[in-house]
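Novice: Take a look at this one; I'll ask things after.
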Amino acid sequence: MRRPHYASFVAGEAPVDFFEVISENFMGVGGRPIDTLMRARAHYPLALHGVSLSVGSADGPDKQYLTLLKDLIDRVEPAIVSDHLCWTGVGGFNSHDLLPVPLTDEALDTVCRAIDIAQEHLGRRMLFENPSTYIAFPGTMPEWEFLHAMARRTGCGLLLDVNNVFVSATNHGLDPQAWLDGLPLDAVGQIHLAGHSTGEHGLIDTHDAPVDPAVWALYAQTIARTGPVATMIERDGNLPDLDVLTAELDGARILAGASELAA
C-alpha cells in the first residue's frame, strides 16, 4: 500500500485480497499514519513486512525494536509478519540496506538464534525473505541449503521472492530453476513478485518495472508445486495508477487458478 493509493485502500475500493506495508513505517507512531493503516485494515487482511530486524547481525535483535513491533502486531492483528535474511547494521547504526549474510555455519547459528529470540518475543511464527544478491562469499553453502536449515531449526517460514531467485541466480551464473528446486518450498507462506533492472554488472532488484516474463514463468513453476500462496507484487519506483498494478495482479490470479486446476 503506497501513499498515492491510500484513498482506495481506506475506502475499501482496492481490488485486492490483502495488503502489505513496511512495518517500520508504522512502529511507534500515532496520528494520521496509524489512523490510515487501521482504516485500511478494517477492509482487508494485512501483512507486515520488516526491513530492520537484522537477523544476520552479531549484535542480535534489538529489544526496543521487538517491543515496538509487538505493540504494532497486537494493535493491527496482521495475518503475516515477515522480514529478510540479511543484516542492516551493527553497534546501533542502521545502514537502511539489506546487506548479505555469509552463508556459513557460524552465520547460520547467528541467524537461527536471532529468529528464535524474535519469534519467542512476538509469540508467533515469522516468514523470512530470500535476498537478492550481487556478490558471493567464497567457501559458503548454497543459499537453498542455508534456508532449509534455517526453517528446520527455527520453525520459521519462507517469504519466497521469486524475482530475487531469478536475480541472484542470474548474477551468480546459475540456473534459476535449479535454485528454485533446492528451496524448502513446503515452508513457503507468502510470495513476492517484482520487476528488476539490468545494471553494468548484472541484474538489480529495483522494484520499478513490471514483472519480467521469465519471473512469471518461474512463478508458475513455483505455485504448481506449492499450490496457491498469498502473492504480492512489489512496486517502489515509477509507480503507476492502482488499476495498472491490479491488472498485473490478475496475471498472478490466473496462474494461481491454473495451479489449482492442475492439482
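No lab work stands behind these numbers, since they all come straight from the coordinates. In this text the structure is predicted, and so the values were computed from the model without any measurement. Note that each Cβ is placed from the backbone with ideal geometry, even for glycine, and that neighbours are counted across all protein chains shown.
Novice: List the residue ranges in the chain for DSSP H helices whose C-alpha atoms run 24 angstrom or more along the long axis and whose Kyte-Doolittle average is -0.5 or above. Mind dumping the intermediate values first?
Specialist: Working: long enough: 105-122 (25 Å, -0.04); 242-262 (30 Å, 0.76).
Span-like helices here: 105-122, 242-262.
Novice: Here is a follow-up. Which order do Ile115, Ile22 fall in if you start with the one that has the fewest other Cβ atoms within 10 Å? Before the final figure, lay out each step's value.
Specialist: Values: Ile115 24, Ile22 13.
So the residues, fewest neighbours to most, are Ile22, Ile115.
Novice: Before anything else, pin down the relative contact order of the stretch 3-262: Cα pairs under 8 Å, at least 6 apart, normalised by residue count, whole percent.
Specialist: Computed over the stretch 3-262, the figure is 13 percent.
Novice: If you don't mind, another one. Say each of Ala214 and Ala178 gets a label point 7 Å from the Cα, pointing the same way as Cα to Cβ; how far apart are those two points in nm?
Specialist: 1.5 nm
Novice: Okay, next question. Provide the per-residue ³J(HN,Hα) series for the stretch 86-95, in order, calculated from phi with Karplus coefficients 6.51, -1.76, 1.60 and θ = phi - 60°, each as a whole number of Hz, with x at glycine and proline positions.
Specialist: Along the stretch 86-95, the couplings run 6, 10, 10, x, 7, x, x, 8, 10, 7 Hz.
Novice: Count charges around Tyr6 for me, please; just the other residues with Cβ under 13 Å from its Cβ, Lys/Arg as +1, Asp/Glu as -1. Spell out each step's value before the answer.
Specialist: Numbers: positive: Arg2, Arg3, Arg32, Arg39, Arg41; negative: Glu13, Asp35.
With Lys, Arg at +1 and Asp, Glu at -1, the neighbours total +3.
Novice: Amide H neighbours of Asn94 under 5 Å, at least 5 residues apart or on other chains, H built in the peptide plane: list them.
Specialist: HN-HN under 5 Å from Asn94: empty list.
Novice: Go ahead and run the numbers for FRET between His201 and Ile22, Cβ-Cβ distance against an R0 of 22 Å, rounding to 0.05. Working shown, then result.
Specialist: Working: r = 28 Å, r/R0 = 1.26.
The computed FRET efficiency comes out at 0.20.
Novice: Extension gain Val244-Asp97, at 0.36 nm per residue separation less the Cα-Cα distance, in nm? Each step should come with its number before you reach the end.
Specialist: Numbers: separation 147, 0.36 × 147 = 52.92 nm, distance 2.83 nm.
The Val244-Asp97 span can extend by a further 50.1 nm.
Novice: Can you give me the Kirkwood hydrodynamic radius for the stretch 130-246, using every pair of distinct Cα atoms, in Å to one decimal? Write down the numbers at each step before the final one.
Specialist: Details: mean 1/r = 0.0676 Å⁻¹.
In the stretch 130-246 this quantity evaluates to 14.8 Å.
Novice: So if R0 is 45 Å, what FRET efficiency would Ala42 and Tyr134 give, r being the distance between their Cβ atoms, rounded to the nearest 0.05? Please report the intermediate quantities before stating the final value.
Specialist: On the way: r = 40 Å, r/R0 = 0.90.
Efficiency for this residue pair is about 0.65.
Novice: Another question, if that's okay. If you place +1 on the Cβ of every Lys and Arg, -1 on the Cβ of every Asp and Glu, and leave all else neutral, what size is the dipole of the stretch 3-262 about its Cα centre, to the nearest 20 Debye? Walk me through the numbers before you get to the answer.
Specialist: Values: 15 positive and 35 negative charges, 130 e Å.
Here the stretch 3-262 has a charge dipole of around 620 debye.
Novice: Same structure, new question: Out of every Cα pair in the chain, what percent are spaced more than 24 Å from each other?
Specialist: Details: 16513 of 34453 pairs.
So the pairs more than 24 Å apart make up 48 percent of the total in the chain.
Novice: Right, something else. For the stretch 168-263, which GluC sites (Glu not before Pro) are both in a DSSP coil and crowded by at most 13 other Cβ atoms within 10 Å? Working shown, then result.
Specialist: On the way: sites: Glu200, Glu234, Glu248, Glu260; in loops: Glu200.
Answer in residue order: Glu200.
Novice: Provide the per-residue ³J(HN,Hα) series for the stretch 178-185, in order, calculated from phi with Karplus coefficients 6.51, -1.76, 1.60 and θ = phi - 60°, each as a whole number of Hz, with x at glycine and proline positions.
Specialist: Couplings: 5, 4, 4, 4, x, 6, x, 5 Hz.
Novice: Once fully extended, how much extra length lies between Gln119 and Glu13, figured as 0.36 nm per residue of separation less the alpha-carbon to alpha-carbon distance? All intermediate terms of the calculation are to be shown ahead of the outcome.
Specialist: Numbers: separation 106, 0.36 × 106 = 38.16 nm, distance 3.37 nm.
Gain on stretching Gln119 to Glu13: 34.8 nm.
Novice: Here is a follow-up. As I understand it, the dipole of the stretch 1-79 uses +1 on the Cβ of Lys and Arg and -1 on the Cβ of Asp and Glu, about the Cα centre. Which of Ala42, Ala58, Gly31 lies farthest toward its positive end?
Specialist: Working it through, the farthest residue towards the positive pole turns out to be Gly31.
Novice: Please arrange Cys86, Cys156 by how many other C-beta atoms lie within 10 Å of their C-beta, fewest to most.
Specialist: Working: Cys86 23, Cys156 26.
Placing the least packed residue first, the sequence is Cys86, Cys156.
Novice: Follow-up question, since we're still on this one. What fraction of the DSSP beta bridges in the stretch 3-262 is antiparallel, stated in percent and rounded to the nearest 5? Intermediate results must be reported in sequence, preceding the final value.
Specialist: On the way: 5 of 26 bridges.
Roughly 20 percent of the DSSP beta bridges within the stretch 3-262 come out antiparallel.
Novice: Viscosity 1.567 mPa s, temperature 4 °C: Stokes-Einstein D of the stretch 63-167 from its Kirkwood Cα radius, in µm² per second? Could you put the intermediate results ahead of the total?
Specialist: Working: Rh = 14.7 Å.
Diffusion coefficient, whole number: 88 µm²/s.
Novice: While we're on this one: Can you sort Val76, Val165 by how many other beta carbons sit within 10 Å, fewest first?
Specialist: Values: Val76 17, Val165 24.
By the 10 Å Cβ count, ascending: Val76, Val165.
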